[in-house]
Structure formats: structure tokens, C-alpha cells
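The structure appears right after this line, and notes come after that.
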Amino acid sequence: MQAPLIGVSQNILRIKELIKQVADTGLNIVICGESGVGKEVVTRNLYNSSPRRMKPYIKVNCAALPEGLLESELFGYEKGAFTGAEQKKRGKFQLAHGGVLFLDEIGDMPFSLQSKLLHVLQSGEFTPLGSEKELRTDTWILAATNHDLAEDIKKKKFREDLYYRLNIIKIHIDPLRKRREDIPPLIDYYIKKYTSQFKNKHLLNPDHSVMKKLIEYHWPGNVRELQNVLKRFLVLGDWEEIIEGLQLGGTGTLTNLAGDESPAAEVSNIIDLFNLDSDNGSNLESYSLKKLKKKALDRVEKQVISYVLDKTGWNRSKAAKILKISYKTLLYKISGLNIEPPQGL
Ligand SMILES: Nc1ncnc2c1ncn2[C@@H]1O[C@H](COP(=O)(O)OP(=O)(O)OP(=O)(O)O)[C@@H](O)[C@H]1O
Ligand SMILES: [Mg+2]
């Protein structure tokens, strides 16, 4: 199942670019970020963009199993390797051969198992429990964690040598509160998705004031929490109650729980960027990515052109040269983007 990686923030755009760059390299990757930020979505996107997408995608949650079981899950065992091993069992390294092995919650892997994993990464070989024979494996290792592995190394909970082996490429996904501009497109995407999934229900897009609150909220559970809120709305059908619930979950204020600066200016920028003003806020359908790109581009162009004009004392031909556009285009942009000369010029 492939979920698209929705988002317009620098963080998500950079990750999309990185996915393209690394998908056919086979380099080990660690994806880190808080719970619910989309680590598994990124892993799936990496797999689906890679030449290995026709081969197996095997996931192991390193936090879910006690040490002994995790070891036998990963490496497999021979019949009779331990009490209860009635059948030979293939390990995930064997099952993932040619494809991807996703080691979720790698930060929770027991220390002693970490050295076994390191051995596989170094040699490409592993030995099932109770076997004499080393098996070869060609797996692309993608690992995810919500731990700060550098901190874990200091505390001797994570092996430094394994860290460097795994962490050839690091992808850090920011928490949602650090990329609030992703909130409107995520809401839009999931409202559409859930509306078609739950055919008999109607999910209306949040109106302006609700949307503002959803953008302001600090989302400790990140995208997963956002999904849950939208599902809750599907059942309750009342935004007021849900927003109240979010407030109650915090300290009575929707913002600043994570010690972030007040996002008021940022929120109003996002509202503006997505055209979510009170007139059309209830109709998120009306925005398109194309329009959004144009708006964002206009903004940047306006800033850059104003800056260069300012620095050249509004010498338009000099400014056009610096901007590497024709004089005519510059004049066209000055009027199209409503760039005003300072008083006296
Ligand atoms: N950028 C995104 N676009 C679309 N859906 C997303 C995005 N990020 C997260 N999601 C959705 O949010 C949910 C949580 O994402 P995911 O399971 O990838 O998070 P995670 O970082 O692996 O969390 P955990 O640390 O709890 O395992 C999933 O249903 C996923 O599809
Ligand atoms: Mg996950």
C-alpha cells in the first residue's frame, strides 16, 4: 500500500528530492522523526521509487519483540535449534533478499543484537540459529527511529559502528508544528480520501476559523493525530467539539505547548498562501497546487526583484542584468507584481 507523501514545506520537498536521488543507490538510510511524522510513508516511497520495487518489502519492528524472538525473526533458525523449534524457519534477511528490509524502531534493538546486525551489514552474510552455514543476503536496509541515536550512542545504548554503517543517508522528517504549511494540503487529501472511503458520510472541509485553529495546534501526534481528528469529525460531525477536545488535551491553549514561538504570523501567512480567507475558507476544493506554486513563486520573485531594485537604486537595466532577464520582462514583472518604487524615485 502506497501513501503519497503530501506536503509543500521545504522539509517535505527536500525529502521528495532526496528519495529520487537515493532510490537506486542501495545506500543504507536512517529515517528519523517523532512518532506519526511519516517515517513509514517515506520508506514506502523509497521502496516504490527503487529498482527493487518488484522484490519483497519486509518490515520488522525491533521494539515489538523480545531479544530472542527478534533474533530468530531476523536470522531464522534450523529445526531443533532451540526448544520449540519444530520447523526450520527462514529469517527476514532471507525473505527480503533482493528487496528491502525495513527495520522499524531500530533505536530499540537490544545492544547485543546490534553487533549481529553490524556483521550482516559488513559481510552481507548471516547464520540462522542452530546452523553452521553462512547465507548470503542482498538487502537494502532502511531503518527508522524516533530516538536521537547520537544521544543513545553517548548513553551506550546504540553502537557507534552500527550507526555509521546504517546512517549513510539520513532523512529527518520535521514534526508537523515545524511545517504548518503542510497542514492544509494534508487535511484536503485526507478529507477527500475519507469521504470516498466512508461513502455514506459527508466530511465538509473545515471553515476559516476551524482551519486556523487546526493550523495553530501543536500536533504532538503529528500526521497520525491529524488523521484521527478527521476521522473523529466523520463520526461526531461537529468541529466545535473536536477543537474543544484538542484544547482540553493541551493546557487550554492551542499553541506553544512545544515551546515554539507563537505561530500567529506564520499561520496568517499560510492562510494567505492557501487563499483560506473567510470568503472561501470553507471551500478548500478551490485551491490547486498549480495556483499555489504560482503564488509562492510570485512572492519570491517580488522579494528578489524588490531587493535587487533597491540595491541598484532602481536602475532597471542594471537590475535586469543582475536578474538575468530582459529589460522588458523586468518592466512587465514590476507592474504585474505591483512593485512600488520608494518615495522620491
Ligand atoms: N506526508 C504525508 N502525506 C500523507 N500521509 C502521511 C504523511 N505523513 C504521515 N502520513 C500518514 O500518517 C500516518 C502516520 O505515518 P507513519 O506511520 O509513516 O508515521 P511514523 O513516523 O512511522 O510513526 P511511528 O513513529 O509512530 O511509527 C500514516 O497513516 C501515514 O499514511
Ligand atoms: Mg512507523
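Hey, among the residues in segment 137-155 that are within 18 Å of residue 115 (Cα to Cα) and without any contact (Cβ under 8 Å) to a residue 24 or more places away in the chain, which one's nearest to ligand 2 (Cβ to nearest atom)?
Only one residue tops the list, namely 150.
Would you point out the residue of segment 147-172, among those that are within 16 Å of ligand 1 (Cβ to nearest atom) and buried (at least 17 other Cβ atoms within 10 Å of the Cβ), that is nearest to residue 33 (Cα to Cα)?
Result: 171.
Does at least one position in segment 7-21 carry a residue that is closer than 19 Å to residue 56 by Cβ and more than 13 Å from ligand 2 (Cβ to nearest atom)?
Let us first name the residues in segment 7-21 that are closer than 19 Å to residue 56 by Cβ, namely none.
Checked against the condition, which is being closer than 19 Å to residue 56 by Cβ and more than 13 Å from ligand 2 (Cβ to nearest atom), segment 7-21 yields no hits at all.
Report whether or not residue 55 is among the charged types (D, E, K, R), in contact (Cβ under 8 Å) with a residue 12 or more places away in the chain and within 14 Å of ligand 2 (Cβ to nearest atom).
Details: among the charged types (D, E, K, R): yes; in contact (Cβ under 8 Å) with a residue 12 or more places away in the chain: yes; within 14 Å of ligand 2 (Cβ to nearest atom): no.
It is false that residue 55 is among the charged types (D, E, K, R), in contact (Cβ under 8 Å) with a residue 12 or more places away in the chain and within 14 Å of ligand 2 (Cβ to nearest atom).
Taking only segment 60-91 into account, find how many residues are charged (D, E, K, R) and over 19 Å from residue 125 (Cα atoms). Walk me through it before giving the result.
Looking only at segment 60-91, we keep the residues that are charged (D, E, K, R), and these are 67, 71, 73, 78-79, 86, 88-90.
Cutting the leftovers down to over 19 Å from residue 125 (Cα atoms) gives us 67, 79, 86.
Number satisfying all stated conditions: 3.
Give segment 102-140 a look and list any residue that's within 16 Å of ligand 1 (Cβ to nearest atom) and aliphatic (A, V, I, L, M), or say none. Talk me through it step by step, then tell me what you get.
First pass over segment 102-140, keeping only residues within 16 Å of ligand 1 (Cβ to nearest atom): 102-109.
Across segment 102-140, the qualifying residues are 103, 106, 109.
So is residue 42 surrounded by 20 or more Cβ atoms within 10 Å (Cβ to Cβ), within 16 Å of ligand 2 (Cβ to nearest atom) and not in a helix (DSSP H, G or I) or not?
Values: surrounded by 20 or more Cβ atoms within 10 Å (Cβ to Cβ): yes; within 16 Å of ligand 2 (Cβ to nearest atom): yes; not in a helix (DSSP H, G or I): no.
Answer is no for this residue.
I'm trying to understand the selection: among the residues of segment 20-66, which are within 10 Å of ligand 1 (Cβ to nearest atom) and under 24 Å from residue 90 (Cβ atoms)? Walk me through it before giving the result.
Going through segment 20-66, the residues within 10 Å of ligand 1 (Cβ to nearest atom) turn out to be 31-45, 61, 63.
Correct list: 40, 43, 44, 61, 63.
Would you mind stating whether residue 272 is in a helix (DSSP H, G or I) and at pLDDT below 85? Working first, answer last.
Working: in a helix (DSSP H, G or I): yes; at pLDDT below 85: yes.
Yes; evaluated as a whole, the condition is true for this residue.
The values are calculated or read from the model by the stated rules, or taken from the named source; none is laboratory data. Please read all numbers here as calculations on a predicted model, not as lab measurements. Counting neighbours? That spans all protein chains shown, and the Cβs are built from the backbone with ideal geometry, glycine included.
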